[in-house]
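Each reported figure results from applying straightforward, stated rules to the coordinates on display, with no laboratory input. Predicted model, so just to flag it, every value in this text is computed and none were measured. Reconstructed Cβ throughout: ideal geometry from the backbone, glycine too, with neighbour counts over all protein chains shown.
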Amino acid sequence: MLMVEATQIADIVGGRLVAKGVVNTIEGVSTDTRTLADVSKAPLFVAIKGPHFDAHELLGKAVECGAKAVLIESDAAIPSDCWGIRVDSSVDALGKLAAWWRQQFSQVPVVGITGSNGKSTTKQMVVGALQSLGAILATDGNFNNLIGLPLTVFRWGAEHRAAVLEMGMSAAGEIQQLTEIANPDVGIITNVTAAHLDLLRTVDQVALAKGELFKTMRTDGTVIVNAEDPWVNKLGNAYPGRKIRYGMQDNCDIRFGHMTSNGLESLDLVFSVFGKNVELQLPVPGFHNVMNAMAATGAAVALGVPVEKALSGISSFTPMKMRMERLQLASGVQVINDCYNANPVSMAAALHTVSAAKRAGRFVAVLGSMRELGPDSSTKHKEVGRDAQVNHVDVLFTFGEHAAELAEGACSAGMSLEHVFQTEDMEMLKKKVLSVVKAGDVVLVKGSRGMKMERLIDHLKSEMGVD
């Protein structure tokens, strides 16, 4: 956990001291008054101003909850006996302080991970692959942005032997900032696809934004290159340091051999690592997870972990919630909860994975709208609808503001209209799905985070019970 003298903070972040406190050593950081008491007995509270809130109004509350220092970006009354540091930008200062703390552990390796799809699952696999090193610091949940990543870094302690940091973004320049904070030894860009197009407009721009990881990394590091993704391949080629390629191409250092699916539970994988064949059983389905596993293997190899130890860790990694999470209902219905997020490529991967698995009953897909797709959103939703038909979905439910386009795409590809139901009303969706699904069916539920598709799953669990 961060430990720093209060008088140092202003120098580290380029701010100025505006109030003097009584506790000299600050331990830990929080941006949320609700978690301050859980951080330490002497934390720093960073007041962040957003479009709908201003934490400067909570300085008194922060001190009541235990803050011994506050970092502010606008004039505010500092409670007595509390250090006050004034900066131009609280978020920028948070990053500078995190970068300083990361450098206190400069001999401890960091793996930085970004990409349009698979970041979190790959992160979990890398944590598994590195577990033989000892304690691993890793991103929790969605703490992967300009606020969350620094808060993750502040948890770093002497016990950690490596760090695995996920990097998310919504705009150009953010991955560069996160890379400067994390200073990774190993970088992974899982893939580049149509995401964040509301701001970045084109996949070319998405590639440039994701590519900031490789571009900003130290040249004595290692990049793990997805040889099946032309954008990542190009970004990897431009990196002047060491490269480890993975995929199906002849020039791959980690090369796919073959896989055997065990339904939706797991798959058996054979691939080669620098010419040596290895076997791995993954506790998750789907070829996209094969790619994630090979990327994780590459990261472990880059840090000197023996391949057999890396594979052992990956085989027992903990999958993330709401990422192809299997749920067996007492009614005999199996639900695949892939609700965490969605874009066209991840939708296609989920549909293909479920379609390829053996099942006793029908394939029912409940697809929510996808966000942040920009001006081509309508077209992208129709394409996903067509993917549903191509992947032999028997019954399709579409939900949200783009429900009509999803349904239109499926019907245009040949799906019977009587097997398609569309709505923007969650309560109606709950009732309709509940009335249609039956024992033996596999129900895939997926949509963008803002659609909160897990509400449907909670309803099915409540009405049908969990086996």
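Side notes on the structure shown:
- Distances between every pair of Cα atoms in the chain, grouped in 20 Å steps from 0 to the bin holding the largest one, split as 24, 50, 25, 1 percent.
- Gyration tensor verdict on the stretch 3-94 (Cα atoms; rounded if a/c is under 1.5, prolate if a/b is larger than b/c, oblate otherwise): rounded
- Each Lys or Arg adds one and each Asp or Glu subtracts one; over the other residues with Cβ under 10 Å from the Cβ of S331, this totals -2.
- Over the chain, dividing the summed -39,500 (n - 2.57) contributions of all DSSP H runs of at least 4 residues by the number of residues returns a 222 nm mean residue ellipticity of -10500 deg cm²/dmol.
- Relative contact order (percent, whole number), the stretch 15-111, Cα cutoff 8 Å, 6+ residue spacing: 29 percent
- Inter-part distance, the stretch 383-440 to the stretch 103-145, computed on C-alpha centroids, equals 37 Å.
- DSSP-loop trypsin sites (Lys or Arg not before Pro) across the stretch 290-381, with at most 11 other Cβ within 10 angstrom: K358
- Over the chain, relative contact order from alpha-carbon pairs under 8 Å, at least 6 apart, %: 11 percent
- For a paramagnetic label modelled on Q107 (point 7 Å from Cα along Cα→Cβ), amide N atoms under 14 Å away belong, within the stretch 124-166, to 158-162.
- Percent of beta bridges antiparallel (DSSP, the stretch 1-91, rounded to nearest 5): 45 percent
- Assigned charges on the beta-carbon of Lys, Arg, Asp, Glu; the chain dipole about Cα centre (debye): 620 debye
- Taking θ as phi - 60° and the Karplus parameters 6.51, -1.76 and 1.60, the scalar couplings of the stretch 359-366 work out to 8, 7, x, 8, 9, 10, 10, 10 Hz in sequence order, x denoting glycine and proline.
- Peptides ranked, highest mean first, by Cβ atoms within 10 Å: ranges 293-299, 194-200: 293-299, 194-200
- Cβ crowding within 10 Å averaged over residues, with 65-76, 110-121 ranked highest first: 110-121, 65-76
- Selection of GluC sites (Glu not before Pro), the stretch 86-189, meeting DSSP coil and at most 15 other Cβ within 10 Å: E159
- Binned Cα-Cα distance frequencies in the stretch 325-464 - 10 Å width, integer %: 13, 50, 33, 4, 0
- Distant-in-sequence amide contacts of V225, defined by a placed amide H-H separation under 5 Å and a gap of 5 or more residues or a different chain, comprise I244, R245, Y246.
- The C-alpha atoms of the stretch 166-289 occupy a region whose extents along the principal axes are 41, 33, 24 Å, arranged from largest to smallest.
- 10 Å beta-carbon shell around A350, net charge (K/R +1, D/E -1): 0
- Largest first and in whole Å, the equivalent-ellipsoid semi-axes of the stretch 105-315 read 24, 20, 16, each the square root of five times a Cα gyration tensor eigenvalue.
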